[in-house]
Amino acid sequence: MDNLCGFLGIVGTGTMGQELALNVSGRGCKVIVFDQNQKQRQNLKDLGLNSVSSLANLVAALPRPRVVLIMVPAGSAVDSVVEELFTLLQDGDAVVDGGNSYFKDTQRRAAKAHDLSIYYYGAGISGGKEGARTGPAVMLGGPEEGLPLVMPILSGLAAVREKRLGFLYCGNDGVGHFVKMVHNAVEYAIMQLQAEIYLIMRDLELMKAEEIAASFATLNSGRLRSSLMSMNVAILKYQDDRQEGLLLDVVLDRAKQSGTGRWAANSALELGVPAPTLLAAVDARSLSMQGELRKSLHLQYSNISNPKIAKPNLDISDFEATLFAGIICAFAEGFSLLEAGSQRYDWTSHFSFSAICDVWNSGSILEADIMNIIGPVWGRVKKGASLLEDDQLAVTTMKTLPHARKTVTAAISAGIPIPALSASLAYFDGIRKANSGANLIQAQRDCFGAHTYQRTDREGQFHSQWQES
Ligand code: 3PG
């Protein structure tokens, strides 16, 4: 393990904070931790960590210039820690928010820190509990001048995969959290796409439970091998220890969310970036939470039988190709959102999509072989291009489309909800359609609101009296 040879204060030791503290101290860094929970403070001592009883004690125990990593839940908890820290720290000290904060909150806090001559960083940290302990992926944003202070620690605790370091400095203020937010939106989308494939296999009664598990193992042995897919393989085989059968079968079907996916969806809407697969995944989680309504409507509509169709002839190659196409669309939407964010917030100078692919593929939840297909695209296409504009990827993606159409059609015909799979296909078909139906919408806008329209055959803005008055 690398020896980081520094001091680090960590505030908040929930799952991620505690594991990061153990990670960093295991690499030779002197770690001082503070948790507001008294029982947890004792637990930290039992783990051999230097646990103090207040923020003031933590700051006093750190030599200057100090580095303090905040690992508390996003929102008001971060604000209260930051406000107190700002009264305790001195100029030249550094604060790193390693939680999933909203990037605009990070921008606001960074501006205040700047006035106090404190270096403020937002670090997106991905990899879950295991990654935090052994090496996560870190996406950092903040002032360049303070990097010599924070980088040795943050790059030292990160994952290394096939010589790739799971650390990336992305640029100023909120960009680290913005990149993590988009990462999470793609993560939501991939999870939703995988859940829909599972649902089709299960509800079309194409396979028994063992066959579903085996199919996911097959998916995990090819180009769709990934951390998430490995988790699926384990989950789909895991037996309930309270009764016979899979534990998954008794897990309540309500998927919660902590905020990043929704913020990404809001950002996509705000920046005018089409991201239907990402939005569908957020929506699907919200819909899953309406469990009581779903149950009641299930009864109300129980007499509706879906059209009788012959059992579709879907096999593993259909599922593999459908999932591949969906994931490519999710990444295409995610990278378009990154591009728009970098333009809007002036982060272009440090932005490199291939570097982002590398960090996402080095310790993060998105670690996946498909990154080895997507990463090289950014060396081939012009800056600002869509992922789908790459000729090589286009050839690969085109081969998947007949399978995707077949799978989506079969699921829709059978009444199986597949919002992300169908949104990804609609995104693909929409983004490559030269003549959309929006001419009618613009004509309607002009008809009822005199919003004017442009013509395809001549320059200028036009207005017509579409209806007789
Ligand atoms: C992550 O950072 O990956 C989050 O833990 C996942 O986000 P969620 O809690 O909104 O699913």
Return the distance in nm (one decimal) between the two label points of a simple spin-label model at ASP429 and ALA214, each offset 7 Å from Cα along Cα→Cβ.
3.4
Check which residues have an amide H placed less than 5 Å from SER51's amide H, if you skip close sequence neighbours.
VAL33
Nothing charged except the Cβ atoms of Lys and Arg (+1) and of Asp and Glu (-1): what's the magnitude of the dipole of the stretch 7-173 about its Cα centre? Round to the nearest 20 debye.
520
Assuming a viscosity of 1.002 mPa s and a temperature of 20 °C, what translational diffusion coefficient in µm² per second does Stokes-Einstein assign to the stretch 7-173, Rh being the Kirkwood radius over Cα pairs?
138
Measure nothing but the geometry: give the 0 to 90° angle between the long axis through the Cα atoms of 419-431 and the longest principal axis through the Cα atoms of the chain, rounded to 10°.
70
Please get the size of the charge dipole for the chain, origin at its Cα centre, with Cβ charges of +1 on Lys and Arg and -1 on Asp and Glu, quoted in debye to the nearest 20.
240
Under the 0.36 nm per residue contour assumption, what length would be gained going from the current alpha-carbon distance of LYS311 and ASP240 to full extension?
22.5 nm
Among TRP360, ALA185, THR407, the residue whose Cα sits farthest towards the positive end of the charge dipole of the stretch 182-431 (+1 at Cβ of Lys and Arg, -1 at Cβ of Asp and Glu, taken about the Cα centre) is THR407
For the chain, list log₁₀ I(q)/I(0) at each q in 0.06, 0.07, 0.14 Å⁻¹, using the Debye formula over Cα point scatterers of equal strength and ignoring solvent, two decimals each.
-0.32, -0.43, -1.33
Placing +1 at every Lys and Arg Cβ and -1 at every Asp and Glu Cβ, with all other atoms neutral, what dipole size does the stretch 384-469 have around its Cα centre, in debye to the nearest 20?
320
Can you tell me the length gained on complete extension of the stretch LYS30 to LYS163, counting 0.36 nm per residue apart and subtracting the Cα distance?
45.3 nm
Test of understanding: ordering GLU270, GLU339 by Cβ neighbours within 10 Å, fewest first, what list do you get?
GLU270, GLU339
When you count, for each residue, the other Cβ atoms within 10 Å and take the mean per peptide, how do 130-143, 163-176 rank with the highest first?
130-143, 163-176
Listing SER436, SER469 from the residue with the fewest other Cβ atoms within 10 Å to the one with the most, what is the order?
SER469, SER436
Relative contact order for the stretch 182-431 using alpha-carbon pairs under 8 Å, separation at least 6, rounded to a whole percent?
31
Inter-site label distance for GLN343 and ALA61 at 7 Å from Cα along Cβ, in nm
4.9
Which of GLN300, ALA255, GLY272 sits closest to the plus end of the dipole of the stretch 227-340, meaning its Cα is farthest towards the positive end, when Lys and Arg get +1 and Asp and Glu get -1 on the C-beta?
GLN300
C-alpha long axis of helix 316-344 to longest principal axis of the chain, angle in °:
60
Antiparallel %, DSSP beta bridges [both residues in the stretch 114-230], to 5
65
Helix 291-300 versus the longest principal axis of the chain: what is the Cα-based angle in degrees, 0 to 90, to the nearest 10?
20
Can you tell me what percent of all Cα-Cα pairs in the stretch 182-431 are more than 34 Å apart?
17
FRET efficiency, GLN392 to GLN300 (Cβ-Cβ, R0 56 Å, nearest 0.05):
0.70
Restricting to Cα pairs under 8 Å and 6 or more apart, the percent relative contact order of the chain works out to 14
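Since every read-out is calculated from the coordinates, none of them should be taken as a lab result. Just so it is clear, the model here is predicted, and its values are computed rather than measured. Don't worry about glycine lacking a Cβ; one is built from the backbone with ideal geometry, like all the others, and counts go over all protein chains shown.
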